Each structure stands twice: as structure tokens, then as C-alpha cells.
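Scroll down for the structure; my scribbles are underneath it.
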Amino acid sequence: MWKKYSIYYTLGVVSNANASVNSSKRPLRADAAKNKQIILDTARHLFASRGMEVTLEQVAAAAGLGVGTVYRRFPTVDKLIDELFGARFIDWAARVEDLTLRAEADPWGAFEAYLFALAEAQGCDAAFAQLLVEPLDGNCRFGEMHVQTIRGAQIILTRARDAGVVRADLSDEYLIHLQLAILGIVGAGNALGASAARTVVKLFLAGSKPQEAHSDKLPSPTVQEQNCWHNLLKD
């Protein structure tokens, strides 16, 4: 199920029909290419620090370019988001795929590595942190690719449960709790986001150890929490 993503990466396109990593069919002039790179670099910084509420006007001002220049390259902010985060999702999907394979022989190591990779992905980029939980609001910009990363996480946790290296009552829905906790801590412009996210993961891992290490049982997921999990699996 992952092979096509490496193909898309080679071609420079995203599987979502609405997203294209390469929006231009012809090579840009040198000055136009330079401006486009300035726009992307500036936007990447703004989205990482401020989250998804960045406008093209803000990008233009921060880049020191005219608004018209930005709009010529990216007519809408969604086009800019597609280009910035399409390849990022491909990289994330590949990382999760690697960890699902590792989970066959090393379920705890794969589970631990996945959570720290999640902390790094969310903690260093407020916008990407929001995109990872976007389906909870009924949106899914990157479609099937997003769903596959969630299913990969599900496989990693299932293998850890089956191997008995995590508590049996650690249901899939608790991964949503963790993502939302990290998202809440990161916030827009929170300089402590990455280190705080790692701390949350360490606490989550400590609480994930087999149940005999704990005196209490985790509450069963509510219907609403189960519905949230199912929403993440919709493309």
C-alpha cells in the first residue's frame, strides 16, 4: 500500500487530486524561481510558528515581496499549503511505514519510536500538528495518504498490545488523546513545543506499560471518542 507514495515522491506529485507538489508545467525564469523559493521558505517558517491561520498577505509582507507576486505563484492559500505539506506527508507516511515493519520484530521499540517521531513532527511545526488531526473536523486535505498513516499507527499499537509490551486496555483512541495533547501544548508560537511534546510522550509511555505495573484501569473509550477515531480513518 506504500509503494505508490515513493513513486509519487519521485514524480513530485501528491496522491490527492487537489494537490500538486509541482504546480508549474514549464521551468520558471531565474527571478521567478528565486521569488517562489523565498515565498516557500517564508511560508514554511510562518506556518511552523503560527499554525494554519497564515494568509498570503502575511507571507508577502514577511517575504518582502508584493502581494501580486505571491498570488501569481499561489492563487490561493490552499495551493501554498499543498506544495508545502504534500511532500511532508509523503515523508511522514514513509516513516510510519518503516515503523510498522520494525514492529514485527521489535514492537516496543517501534511503538516508542513512533510516539517520539510524532512528538517531533507535531512539536516542531504548529501547522503540521493541526493537519495531522484535521480529519477530526471533517476535513482531510491529503486523503488516502493521511488515512494510511493512521492505519500504520494502528498496526504499530496493535502489535505492541499483542506482544504484551503495552497494557491491554490501551485502545487506539488514546493515540488521539496524545495527538490532541501535543497540539494543545504546541500552540501557535510556543517556543517550548518540541521539548514539551517529548515530555508528554515520555509520560504517555510510562503509563502505557503493561497493566500489572498500574493499580488502575484505563476508562473505556466513549462513543464520541470512537467516532473521532473512525473519522481519522475516512479519506
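The values are calculated or read from the model by the stated rules, or taken from the named source; none is laboratory data. Quantities reported herein were computed from a predicted structural model and do not represent experimental measurements. So basically every Cβ, Gly included, is an ideal-geometry build from the backbone, and we count neighbours across all protein chains shown.
Residue by residue, here is whether (1) of a type in the set (A, V, I, L, M, F, W, C); (2) closer than 30 Å to residue 80 by Cβ; (3) surrounded by fewer than 18 Cβ atoms within 10 Å (Cβ to Cβ) holds:
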{"residue": "109", "(1), (2), (3)": "no, no, yes"}
{"residue": "112", "(1), (2), (3)": "no, no, no"}
{"residue": "119", "(1), (2), (3)": "yes, yes, no"}
{"residue": "123", "(1), (2), (3)": "no, yes, no"}
{"residue": "160", "(1), (2), (3)": "yes, no, no"}
{"residue": "166", "(1), (2), (3)": "yes, no, no"}
Task: Conditions (1) at pLDDT below 90; (2) closer than 24 Å to residue 98 by Cα; (3) buried (at least 18 other Cβ atoms within 10 Å of the Cβ); number of the one not met by residue 193 - done: (2)
Task: Residues that are of a type in the set (Asp, Glu) and under 16 Å from residue 152 (Cα atoms), drawn from the range 105-138 - done: 106, 112
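Go through the range 155-174 and give me each residue that's assigned to a helix (DSSP H, G or I) and touching a residue at least 24 places away in the same chain (Cβ under 8 Å).
Step one: filter the range 155-174 for residues assigned to a helix (DSSP H, G or I), giving 155-162, 173-174.
155, 156, 157, 159, 160, 162, 173, 174 - these are the residues of the range 155-174 that are assigned to a helix (DSSP H, G or I) and touching a residue at least 24 places away in the same chain (Cβ under 8 Å).
Looking for whichever is buried (at least 16 other Cβ atoms within 10 Å of the Cβ) and part of a loop (DSSP other than H, G, I, E, B) here; the options are 88, 102, 141. Which one fits? Give the derivation first.
Details: 88 fails: part of a loop (DSSP other than H, G, I, E, B); 102 fails: part of a loop (DSSP other than H, G, I, E, B).
Checking each option against the conditions leaves just 141.
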